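Here is the structure we will look at.
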Amino acid sequence: MNEAKRYLGWLMPGFILVAAAAGMLWQASHQRAITNSPERLIRPSGLTYAIFRDLTTLNRLANYGRHNSIWNSYVLSRCHMSLYGEAPPTFQHFLPALAKTYPLPSFKRERSFFTATIGILDFIRWNDGTPLTAEDVAFTYNKLLEFGADKLGGLWPTFLQPEILAQVEAIDAYTVKFFLKKQPGLLAWEFGILGAPIIQKKFWEPIMSKALASSDPVTALFNYYTFNEPCVSAFNLVRWEPGRLVEEKAFYNWSWRGLRTTLFKAGGFRRELDTNQDGIKEVIFETDFGQPRGLRGDIALQWELGPFVDSLTFKIFPNQAAAMLALINGEVDYILSPTGLEPGVRKQLEERPGVKIVRNSGNNIFYLGFNLRREPFYVEAFRKAVAILIDKEFVAGQVLEGTVIPAYSIVPPASPWLNSDVPTPGKGLSRVERIQEAVKLLKSAGFAWEEEPVVDLVRGQLLQPGRSLHLPDGRLIATLELLHPGEEYDPKRAIFAMWIERWLNEVGIPVKAIATSFTTLGQQVFAEQNADMWISGWSFEGTYPIYLDELFHSSRSRPGNLNASGYSHPEYDQLLKEFRSARDLQKAREIAFQLQQLLAMSLPIIPLFNAPLFEAFDARVQFPFTEVFGGIQRVTGVPGATRVSKD
């Protein structure tokens, strides 16, 4: 799974105020253990999470950019906070984080700009003790814009919105003014610019100045070797042993320690914190969301921020079976995975005392991707024929025994933004009917075989497989490579790859499924864009479907950006223009439905399945909440608010 994490809102691990975060930046090519402490910091009161891939970088700016992956983000994105974001555990409300201005101010016209002035909280300090000020906020946006959002890649085009954001000015120590080239919509403003991670000016300014003076500023920035980047976090990263573990130490003096968050059954939301250090919590933010008596009555959920443990360790395992044994033996407290537990692992853990398992709807989509820059993938009829041939209902229902849900849109099935009326190619057809329809479609587009597939509809048999499929111009189609994660990493995707290879070869489409590592797949597909087909996935953080823009706008198709398919569709881009400018949620939802319809018809990718998440943890672990759309992994196991009982 590219499993990009943010969305990464999208910067939820930074915003949610229940996470804890890290400290050092490390160039990935330096493969040796690093530490800023002479002693091991794992203590009996620590938390240990099992993960399944090592970091590829400790440079957080690179992780938000072209090196974005969920495994990096589990560790790195908890360092920073954004001004605003979608609040857990429901992710249905857009609320302030570093900002104190709420509701958002109206835009004003000043000369040729639209402006918005926002105040920020005045008690937040970086972990090096210096205050987080408006200078840090303005520096973050202005300096990163100099590098070029598209060149930074990954999530930066969403955060920076260069076609809209002109500059940010620090009005005073705790007030900033945004200068916008045009009035932005929800996507660009609330779920784009205001969700950007804020970094420290004092630390990054000399590094960025040096990088900008180089021949390749972005590469120089992302490769910069440095320790102890100041964070706003409950944990500081103190050790990385490549291939083995990442270790963090609790930072008890962080600004949010003791923050109490209350969700009322009547719908209200409140945050309280002892900002004066006098032992009395004061309300620093509350809203009733327009509900009468919303801030009164029974409490639906309440939690407090620690940290409540001395250390946090991410221990790397080769597979879920090994992590399961470690959980049973008390070596880890929680299995952290974007795909949840595999069925066999889940069954074994269900029988184990002292282990808890929770189920949540998955905020994810797994898909078959095409490189539309290559033949035959740029032919829409070819992609539609492939979609018809893939019986995702069969694989999901019979092979994977209902552990996944067939998907037809890039929007997850449990999302309120799902258009459930998109086309469903091949659904309900038998195997031979699928072959017949695919052959008819390919022939109408000018494809031809040396031996055309022949089926018997009455008996339901494939009498003659197809052989040697030719392009409309008469050239033979060479073997197409289908990259996918190996069975050890994700059996579900490996199984889909096996069946897709079989079904396509039956009709003469020469496909070879190739299992590859998570890192190699990401490099070849996203960084180099040097792949034919691939099976990957997205694990979304936010509920608002920013990804309809990030993954499919034509401007996001350069190497290192998220539109790896190279999808370019004028009608889609025009709809996105309307989506970006929409200020009304209902209007945005209507456009999102149209975008899904167009994607389902043009098929730059083929959605395969959505995976509900089953997650396992030691019964002694007390998470602040376990019912989360996207699973506990969506909030990285909430280490800053998690306790471990001594029983």
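The values are calculated or read from the model by the stated rules, or taken from the named source; none is laboratory data. This is a predicted model, so every value here is computed, not measured. Cβ sites come from the backbone with ideal geometry, for glycine too, and all protein chains shown count toward neighbours. Just the protein is used for accessible areas: all its heavy atoms, side chains included, with ligands, DNA and RNA removed. Shrake-Rupley method; radii C 1.70, N 1.55, O 1.52, S 1.80 Å.
Could you list, in sequence order, the residues of region 416-436 that are more than 24 Å from the chain's Cα centre (by Cα) and either among the small types (Gly, Ala, Ser) or under 23 Å from Arg459 (Cα atoms) (or both)?
Pro425, Gly426, Lys427, Gly428, Leu429, Ser430, Arg431, Val432, Glu433, Arg434, Ile435, Gln436
Give the residues of region 394-435 that are acidic (Asp, Glu) and over 19 Å from Thr339 (Cα atoms), sorted by residue number.
Asp421, Glu433
Looking at region 384-399 only, could you name the residues that are part of a helix (DSSP H, G or I) and open to solvent by less than 10 Å² (accessible area, probe 1.4 Å)?
Those that are part of a helix (DSSP H, G or I) and open to solvent by less than 10 Å² (accessible area, probe 1.4 Å): Ala385, Val386, Ala387, Leu389, Val395, Ala396.
Looking at Ala97, Ala116, Ala87, which one is touching a strand residue (DSSP E or B) at 6+ places or on another chain (Cβ under 6 Å), of a type outside the set (S, T, N, Q) and modelled with pLDDT under 95?
None of the others qualify; the one that does is Ala87.
In the list Ala250, Ala211, which residue meets the criterion of being small (Gly, Ala, Ser), modelled with pLDDT of 95 or more and more than 30 Å from Pro89 (Cα to Cα)?
Within the list Ala250, Ala211, the selection yields Ala211.
Which fully enclosed strands (runs of 3 or more DSSP E) of region 464-546 have 3 or more residues being of a type outside the set (A, V, I, L, M) and under 28 Å from the mean Cα position of the chain (by Cα)?
Passing ranges, in order: 480-485, 533-539.
For a quick check of your reading: which strands (runs of 3 or more DSSP E) sit entirely within region 203-280 and have at least 2 residues that are in contact with a Pro (Cβ under 9 Å, 6 or more places away or on another chain)?
The strands (runs of 3 or more DSSP E) meeting that bar are 245-250, 260-264.
Hey, can you tell me all the residues within region 67-106 that are in a helix (DSSP H, G or I) and either over 19 Å from the mean Cα position of the chain (by Cα) or farther than 21 Å from Asn360 by Cβ (or both)?
Within region 67-106, Asn72, Val75, Leu76, Cys79 qualify.
What pairs come out if I take residues in region 96-121 that are within 13 Å of Leu83 (Cβ to Cβ) and pair them with residues that are open to solvent by 40 Å² or more (accessible area, probe 1.4 Å) and of a type in the set (Gly, Ala, Ser) whose C-beta lies under 7 Å away, six or more apart or interchain?
Matching pairs, first to second residue: none at all.
Check Gly192, Gly154 and return the single one that is in contact with a helix residue (DSSP H, G or I) (Cβ under 7 Å, 6 or more places away or on another chain) and at pLDDT below 95.
The conditions single out Gly154.
Does Tyr378 count as assigned to a loop (DSSP other than H, G, I, E, B) and surrounded by fewer than 19 Cβ atoms within 10 Å (Cβ to Cβ)?
Considered against the rule, which asks whether it is assigned to a loop (DSSP other than H, G, I, E, B) and surrounded by fewer than 19 Cβ atoms within 10 Å (Cβ to Cβ), Tyr378 comes out as yes.
Criterion first (at pLDDT 95 or above, out of contact with any Asp or Glu (no Cβ under 7 Å at 6 or more places or on another chain), buried (at least 19 other Cβ atoms within 10 Å of the Cβ) and closer than 28 Å to His80 by Cα) does Ala564 satisfy it?
For Ala564, the condition - at pLDDT 95 or above, out of contact with any Asp or Glu (no Cβ under 7 Å at 6 or more places or on another chain), buried (at least 19 other Cβ atoms within 10 Å of the Cβ) and closer than 28 Å to His80 by Cα - is met.
With Glu331, Glu282, Glu342, Glu350 as the choices, which residue is crowded, with 17+ Cβ neighbours inside 10 Å and not hydrophobic (A, V, I, L, M, F, W, C)?
Just one listed residue meets the conditions, Glu342.
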